[in-house]
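Right, one structure below, let's go through it.
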Amino acid sequence: MKHLYTLVLLTLCCSVSLFSQQTYDFETSATSLTFQHFGSALDGTLTGIINNPDATGANTSSKVGHFVKTPGAEVWTGAFANPQSAPIDATSGGQICIKVWMDHVGTASLKLEGPVGGGENWITSQPHNTPNTWQTLCFDFSAPSLEDSKLPATGKVFAQLVIFFDFLETPVTADESYYFDDIVFPTAGGIEITTTILDFEEATTTTNFTYFGSALDGTNTMIIANPNPSGINTSANVTSYTKPGVAMVWAGAYSNPNPVRAIDLLGTNKVCLNVHMDHIGNVALKFENSTSAQPNWIQQVSNTKVNEWEQLCFDASLPSIEAPFQPANSIFATAVIFFDFGVAGTGTYVTSYFDDMVVISGATPTDKNVNFKVNMNNYTGSFDKVSLKGQFNNWSGDADPLKDDDLDGIWEGSIAVPNGAYEYKITLDNGAQEEQFLGTEECTKTTDAFTNRLLLVSGDTDVPEFCYNSCYACGEEAKITFRLGMGTVDPNPEGVWLAGGGNFDVPGGRYKMNDADGDGVYEIVVPRKKGFGSYYAFANGPCFDFSCKENLEGQPCGDPNNFNDRTLAPVTGDIVVSTCYGLCSQNTACTSSTNDITYRDNLFALVGNPSFNGKIMINFAETNTFDKQITITNNIGQQMTSIQSRNGNQNIEMDVNELNPGLYYITILSNNQTQTQKFVRL
């Protein structure tokens, strides 16, 4: 539905709405909230409001809430607000925060129920890691739910609040008390201004979108009469988007011509879109052609409603889901839309609709807590102090020190920053020493001549423990050295690149190879976590469209199911990959090798493809008593699982229940023979 209001006599493109914040601090009857126990011997009774048992630290208030878990309680015991709290508005994102006190390390969980207009409930958890101390825990609405379809709360208004302590943990043997206070929601506040980019009702707010990645390449979407003028959208015109039965996973449509109004995604702005789909899936928006040379930006949001209009919002302060993983923070000219991004065509034409693209500006950013654990046990030098040094503290080497209170060599600490992307390093002794990187690590970013770690913040985060000067835990890193002979091919004067496979960027990106000693062999070292495997290729020049990529079509090392890319089997330690540009040789001299892997199309067959029950059967064509390395990757080459079978069985059953529905590839390497097949997890 279009609601366009005049804002200070400027234009008819903007509307103003006021968001408020609700706080329950238990100090007065108007700011108190009781909860009703369930799942224990206290069923039907209400939580108490008592004097603060520990009025220190983060909470010196007088009154707090008191929850009790009794012996024999269900692991899902909790309490729901009774009477109900004020409606919890998660339509524009934000978070709900609560102060918690418990006498042990545990968890607090919040569940939001009764979404207005229907849909799934939402539940998420946060750790309480400071026993006998008040700790503020915040639950971000953008986080995926722990139940049902794992959808975020964003985009919905909820009627009911439920709390749990030590959710799904072992029942207690004696009464256990938990205290809570200062429940605050939502955090978004102030005045927000909404600017309409497209509504397809008049010339200045209308444009076409041109398809790509499918049989509709080069044709335009259609502006049609609203097929379901109801709910939040009773407008006259909308755009119809069709995804053909055979479409690439990246099939989409771009604005052509670009909208009259540029798309301002500076700071904390967000862009929202009304969509109408006949199934649960996702919508991705990508923005290109920045006015400030900012990289393109893309984010993806799942829909929660079927056969009705729903508004989906994309937070511009979140890092892009594609390299270089930066927030939008710019003004863009071109909009690109994808329905069911990352999912191939289903075999039938699927039609969806979209309308009312708006930019909402003026939201107040909120800080997210980010916790770090840095393992210094492998560092052989001497030091007294370990600190975080980065964009979040103006590159001060002593602004955010870490601590090792238990002297186990693992230094810990935290920062509080808004959503975004931040470069940083671990520094020793106030900056006297700091980490040094190659620039090819997964967790790094190179800006100008400086290579730093890259921190992506989209909510409260526990950064996985990592080893000093590594992206991974100590002992988990493997260095992969690619050595490439050029044979009779003249190297491009601008360089030679490792690229592709969904893991190695475009030609011209961050994986440029070097011939430092001038021997004609190009090299690059890529640190990765043990178990990493991927597709990959080489490119002679910086061609962002892959037009200069080597051609392995018809050769045994080129996988026809993945753009004729090469395959890197999962690594178990440091390895050297030697080959020749455009050839399957296993040496840089570009000669043949008796150890070359043979690529077959009849090594094995799959039974139960598509997989309806979460199982897939692998049948080998002939007796095979050799070890078998079985690897499953998704449709962009990311490894999902890898196992090794040593039993010589002709038939192997694999459980793929942990995989999300979609298209995958299964690769088997056995006795220097390999084959890759597609399969679908339904």
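The values are calculated or read from the model by the stated rules, or taken from the named source; none is laboratory data. As the structure is a prediction and not an experimental result, all values here were calculated from the model. Cβ sites come from the backbone with ideal geometry, for glycine too, and all protein chains shown count toward neighbours.
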Test: Ser61 is of a type in the set (Gly, Ala, Ser), more than 17 Å from Glu27 (Cβ to Cβ) and part of a loop (DSSP other than H, G, I, E, B): no
Any hit, segment 420-433, residues being on the phi > 0 side of the Ramachandran plot, buried (at least 19 other Cβ atoms within 10 Å of the Cβ) and in contact with a Pro (Cβ under 7 Å, 6 or more places away or on another chain): yes
Qualifying residues in segment 356-392 (those that are of a type in the set (S, T, N, Q) and without any contact (Cβ under 8 Å) to a residue 60 or more places away in the chain) - the one farthest from Val301 (Cα to Cα): Ser382
Positions within segment 480-498 being in contact with a strand residue (DSSP E or B) (Cβ under 7 Å, 6 or more places away or on another chain) and either within 22 Å of Thr572 (Cβ to Cβ) or of a type in the set (Val, Ile, Thr) (or both), in sequence order: Ile480, Thr481, Phe482, Arg483, Val489, Val496, Leu498
Unique residue being over 22 Å from Pro418 (Cα atoms) and either at pLDDT 95 or above or surrounded by fewer than 21 Cβ atoms within 10 Å (Cβ to Cβ) (or both) when the list is Ser142, Ser149: Ser149
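One line per residue, one yes/no per condition, for (1) at pLDDT 85 or above; (2) outside any loop (DSSP other than H, G, I, E, B):
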residue: Pro527; (1), (2): yes, yes
residue: Thr572; (1), (2): yes, no
residue: Ser578; (1), (2): yes, yes
residue: Ser585; (1), (2): yes, no
residue: Asn613; (1), (2): no, no
Residue count for segment 154-190, restricted to those that are aliphatic (A, V, I, L, M), modelled with pLDDT under 85 and either assigned by TED's automatic domain parsing to the domain that holds Cys313 or not in a strand (DSSP E or B) (or both): 1
Test: residue in segment 511-519 that is touching a residue at least 40 places away in the same chain (Cβ under 8 Å), within 30 Å of Glu476 (Cβ to Cβ) and assigned by TED's automatic domain parsing to the domain that holds Phe563: yes
Segment 326-360, subset buried (at least 19 other Cβ atoms within 10 Å of the Cβ) and among the hydroxyl-bearing types (Ser, Thr, Tyr), residue modelled with the lowest pLDDT: Ser330
Criterion violated by Asp182 - all others in (1) under 21 Å from Lys368 (Cα atoms); (2) of a type in the set (Asp, Glu); (3) out of contact with any Phe, Trp or Tyr (no Cβ under 9 Å at 6 or more places or on another chain) satisfied: (3)
Selected residue (only one of Phe546, Phe504 is within 27 Å of the chain's Cα centre (by Cα), touching a residue at least 40 places away in the same chain (Cβ under 8 Å) and under 30 Å from Phe450 (Cα atoms)): Phe546
Matching strands (runs of 3 or more DSSP E) fully within segment 283-355 where at least 3 residues are free of Cβ contacts under 8 Å to residues at least 60 places away in the same chain: 297-302
Pick from segment 469-483, criterion among the hydroxyl-bearing types (Ser, Thr, Tyr) and surrounded by 19 or more Cβ atoms within 10 Å (Cβ to Cβ), ranking: farthest from Gly93 (Cα to Cα): Ser470
Matching option when the condition is within 27 Å of the chain's Cα centre (by Cα), in the same structural domain as Asp340 (by TED's automatic domain parsing) and farther than 26 Å from Gly155 by Cβ, among Met222, Met277, Met248: Met248
Whichever residue in segment 136-170 is out of contact with any strand residue (DSSP E or B) (no Cβ under 8 Å at 6 or more places or on another chain) and touching a residue at least 60 places away in the same chain (Cβ under 8 Å) and, among such residues, is farthest from Thr304 (Cα to Cα): Thr170
Some residue of segment 37-48 being surrounded by 14 or more Cβ atoms within 10 Å (Cβ to Cβ), more than 30 Å from the chain's Cα centre (by Cα) and in contact (Cβ under 8 Å) with a residue 60 or more places away in the chain: no
Flag if Leu33 is in contact (Cβ under 8 Å) with a residue 60 or more places away in the chain, of a type in the set (A, V, I, L, M) and assigned to a loop (DSSP other than H, G, I, E, B): yes
Residues that are assigned to a loop (DSSP other than H, G, I, E, B), of a type in the set (A, V, I, L, M, F, W, C) and closer than 20 Å to Gln326 by Cα, drawn from segment 246-282: Ala262, Leu265, Leu266
Members of segment 542-563 that are part of a loop (DSSP other than H, G, I, E, B) and out of contact with any strand residue (DSSP E or B) (no Cβ under 8 Å at 6 or more places or on another chain): Phe544, Asp545, Ser547, Asn551, Glu553, Gly554
Residue within segment 452-468 that is farther than 30 Å from Ala316 by Cα and in contact (Cβ under 8 Å) with a residue 60 or more places away in the chain present: yes
Hey, Thr91 surrounded by fewer than 20 Cβ atoms within 10 Å (Cβ to Cβ), within 22 Å of the chain's Cα centre (by Cα) and either within 23 Å of Asp315 (Cβ to Cβ) or not assigned by TED's automatic domain parsing to the domain that holds Asn59 (or both) or not: yes
Residue satisfying all of: in segment 436-468; among the charged types (D, E, K, R) and surrounded by fewer than 19 Cβ atoms within 10 Å (Cβ to Cβ); modelled with the highest pLDDT among these: Glu465
Close pairs (7 angstrom Cβ cut-off, 6 or more residues apart or separate chains): on the phi < 0 side of the Ramachandran plot in segment 487-498, of a type in the set (D, E, K, R) anywhere: Trp497/Lys512
